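Only one structure is covered here, and it is reproduced in the block below.
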Amino acid sequence: MRLEHHEFRDMDLVGGDPALDLVNTVTARDTLPRDWLDEYAALLRWARKAALILDADAEALAAQADAAPSKAAAALARAKQLREALCTALYALSSGAEPAEAELETLDQARLAASRAARLISRGGRLQTQWSAERSGLDLIAHVVTAYAIELLKDARLDRLRVCDGHDCGWVFVDTSKSGRRRWCDMATCGNVAKAKRFHQRHKE
Ligand SMILES: [Zn+2]
């Protein structure tokens, strides 16, 4: 998969869930995929854009990555392994199939690792699971996304899981529209391109 430097924008976060947005850090899965996580710093930029981690944790991770580049590369590889297992499982689910054993195993390993690093805290009388750079180290982002992924995979929202119909896209999203007939990750990008294409074709005919 070709690596590509990318500055993440709000329009890159249209999946409706951080787990889906992580899958969408690869674009054009249907044609020539480009991977926007070209380095650990890109994963960090993505997580900050998605407001998944605290600023203090982001700074701690940046320092850890600077101090140990090979560890950062290994952590990035683990995050991508999670991303690809999620993607394969979600594509299967979106076509009405069951996720394969291999993907479930990868997700289960990620779940175990995340749960070992998690800490239970009490907030306003309720228990919450919390992750920190201190306990998760460079895997913090993967741990947080894993928690979202497991919740999503157990959730009824998955009935509305879609793969974008757009060309050069392949993004996954949860269709929250009333009609349940959303076809594109983003009407302003893929939706418009598809409409313009149809318009163009009609004019040629
Ligand atoms: Zn799309």
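Bear in mind these aren't lab numbers, they're just calculated from the coordinates by the rules spelled out. Keep in mind it's a predicted model, so treat the numbers as computed, not measured. Methodologically, a virtual Cβ is constructed for each residue, glycine included, from the backbone with ideal geometry; neighbour enumeration extends over all protein chains shown.
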Compute the whole-percent fraction of alpha carbon pairs in the range 96-205 spaced more than 20 Å apart. 60 percent
In what order do TYR40, TYR91 fall by count of nearby beta-carbon atoms within 10 Å, going from fewest to most? TYR91, TYR40
Going from the fewest other Cβ atoms within 10 Å to the most, one would list ILE150, ILE121, ILE53 as ILE121, ILE150, ILE53
Please list the equivalent ellipsoid semi-axes of the range 1-82, computed as the square roots of five times the alpha-carbon gyration tensor eigenvalues, in descending order and whole angstrom. 21, 16, 10
Number of Lys pairs in the chain with C-alpha atoms less than 27 angstrom apart, excluding same-chain neighbours closer than eight positions? 9
What are the extents of the Cα atoms of the range 2-158 along their three principal axes, in Å, largest first? 39, 38, 28
Assign unit charges at the C-beta atoms only (+1 for Lys and Arg, -1 for Asp and Glu), then state the dipole size of the chain relative to its Cα centre in Debye, rounded to the nearest 20. 700 debye
Surrounding charge for ALA62, neighbours by C-beta under 15 angstrom, Lys/Arg +1, Asp/Glu -1, total -3
Restricting to bridges with both residues inside the range 2-158, how much of the DSSP beta-bridge set is antiparallel, in percent to the nearest 5? 80 percent
